[in-house]
Each structure stands twice: as C-alpha cells, then as structure tokens.
Amino acid sequence: MATAFRLIGSHDIDQILQALRDGHAETGEPFAADRASAWLYSLLEDPETAPLWLIERNGAFAGFAMLHLAPDLSPRRAYVTGLYINPGLRGTGLGPTALSLLRDVARASGWKLMEHDVALEAKVPRVRPMPLLVGAARGSAA
C-alpha cells in the first residue's frame, strides 16, 4: 500500500474538518466547526510554525498529523498537536509512521525534543497522560 504525506492546502480543509468532527464524536467531546475551520485556514498562513500534513493511503484520505514549532512555548521542544488516523486504518502502522515523520521534521528544524499527548487509539476512552518525550539531542539514535 502506498502511503504519502503532504502539507495541506485549502482544498483539504473539508476532509480535515470531517476527520475532526468524527474524532470528536468518537471521544464525546463537543466540536465547533466554525472555530475549527478558522483555525485550519490560519495554519495555511504559517506552515513553518504549525505544519499540518495530510496522510494518504493509495490516494485516499487516511488522516492527518500536526506539529507545532513555536519557540515562544519552548525553545527546545516541538509539540505534536494533532494526529488522526481513519478508524479503518488504525493498527496498520500509520500512526508510528506519522510520528517518525514529525520527529524527522523537528530534528531537521533544529529542535531537541518532541512532545506529545495525543490519544493514539480513539476507541479507548480519552485520558490525559503525562507528556511523552520522543526524540533526543540532535545526532542521537532516538
């Protein structure tokens, strides 16, 4: 199966909104479509600070992954602020593959650590885990 990651464009907003809507429905959290839409369009204006990748499997929408690179929050840490995999594709390795992509982007951008608290399996009741640090100092094997 061919997997592709690409930065989103304005033509992808509807697919991502639907994925956000579905993800919120799975967890029982409220969803504000207008607010989410405005937020997504704002990301298009600054892809270097908050890049958002569309994940495709065999040319079809499979999910998205987002990284926040903001030195105002932490000069050493990049934050994974979103990871969504379509329910039918969970367990196929897309989540770890997406996290590896984000790690590589963070490293290439000069960040030392990557932190996330993303629920990787939305079928499990959402919990607020302690942040997990992924990655290490530049040049290490982690």
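Compared with the direct C-alpha span, the chain from residue 46 to residue 29 gains 3.4 nm at full extension, assuming 0.36 nm per residue. What a 1.4 Å probe finds exposed on region 11-64 is 50% carbon and sulfur by accessible area, rounded to a whole percent. Karplus-derived 3J(HN,Hα) values for region 4-13, using 6.51 cos²θ - 1.76 cosθ + 1.60 with θ = phi - 60°, are 10, 10, 8, 5, 6, x, 4, 6, 9, 4 Hz; glycine and proline are entered as x. Packing around the peptides 6-14, 79-87, taken as the average count of other Cβ atoms within 10 Å per residue, puts them in this order, highest first: 79-87, 6-14. A simple spin-label model places pseudo-atoms 7 Å from Cα toward Cβ; at residue 6 and residue 70 they are separated by 2.8 nm.
With a simple spin-label model that places each label point 7 Å from the Cα along the Cα-to-Cβ direction, the separation between residue 61 and residue 17 comes to 1.0 nm. A simple packing score, the average count of other Cβ atoms within 10 Å per residue, orders the peptides 30-43, 97-110 as 97-110, 30-43, with the highest score first.
The values are calculated or read from the model by the stated rules, or taken from the named source; none is laboratory data. Quick caveat, the model's predicted, so the values are computed rather than measured. All Cβ positions, even for glycine, are placed from backbone atoms using ideal geometry, and neighbour counts span all protein chains on display. Accessible surface areas use protein heavy atoms only, side chains included; no ligands, DNA or RNA. Shrake-Rupley method; radii C 1.70, N 1.55, O 1.52, S 1.80 Å.
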